[in-house]
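The values are calculated or read from the model by the stated rules, or taken from the named source; none is laboratory data. In this text, all values refer to a predicted model and were calculated from it rather than measured experimentally. When we count neighbours, we look across all protein chains shown, and the Cβ atoms used for this are built from the backbone with ideal geometry, even at glycine.
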Amino acid sequence: MENVPAWVGYASFYVSMFVAFVALSATMISYTVYAANASPDVIVHLEQNPDSKTVLNLVIENIGKGAAQNVTFHPEAPLPQEAFGFDDAPIPEPMAKGPLVNGIPYLAPGSQRRMMLGQYGGLVSGHA
């Protein structure tokens, strides 16, 4: 057997360390991508009620790919419970029940909760 120069051993060691680093990095990137795709993403938005065009629905929706558990909400100001009416609408009571107050224990991917929030006039009268 021939004598192998010492630098070949060192080079082999450094190449092996580099390959191990690349493998570890690829594993971490794969896990990050997996976790991002499996996490919940809950949004809250308003939409027009399809049955009554003057009523606004509040929609809580999980648009992520993972289940959302123990979803809670912390609005900056109290939300109205039943804000119905137009220009002369009475000031609505603050919300005391529903998913925005009590939270949602489990929201599956793609599922949503809808609730009637009120009419525009009633919503505006609560903040005037």
Restricting segment 115-128 to residues that are small (Gly, Ala, Ser) and under 18 Å from Leu46 (Cα atoms), the one modelled with the lowest pLDDT turns out to be Gly126
Of the residues in segment 63-94, those that are buried (at least 17 other Cβ atoms within 10 Å of the Cβ), closer than 22 Å to Lys53 by Cα and of a type in the set (A, V, I, L, M) come to Leu79, Ala83, Ala89
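Residues are listed down the side, and each one gets a yes or a no for (1) in contact (Cβ under 8 Å) with a residue 40 or more places away in the chain; (2) part of a loop (DSSP other than H, G, I, E, B):
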residue	(1), (2)
Asn70	no, no
His74	no, yes
Gly85	yes, yes
Pro105	no, no
Gly118	yes, no
Q.
Whether any residue in segment 93-103 is within 18 Å of the chain's Cα centre (by Cα) and assigned to a strand (DSSP E or B) is what I want to check.
A. no
In segment 1-40, anything under 30 Å from Asn57 (Cα atoms), out of contact with any strand residue (DSSP E or B) (no Cβ under 7 Å at 6 or more places or on another chain) and not polar (S, T, N, Q) is listed as Ala36, Ala38
When segment 98-114 is checked residue by residue, the ones that are surrounded by 13 or more Cβ atoms within 10 Å (Cβ to Cβ) and at pLDDT 90 or above are Ile104, Leu107, Pro109, Ser111, Gln112, Arg113, Arg114
Flagged in segment 6-58 as touching a residue at least 12 places away in the same chain (Cβ under 8 Å) and part of a helix (DSSP H, G or I), in numbering order, are Asn37
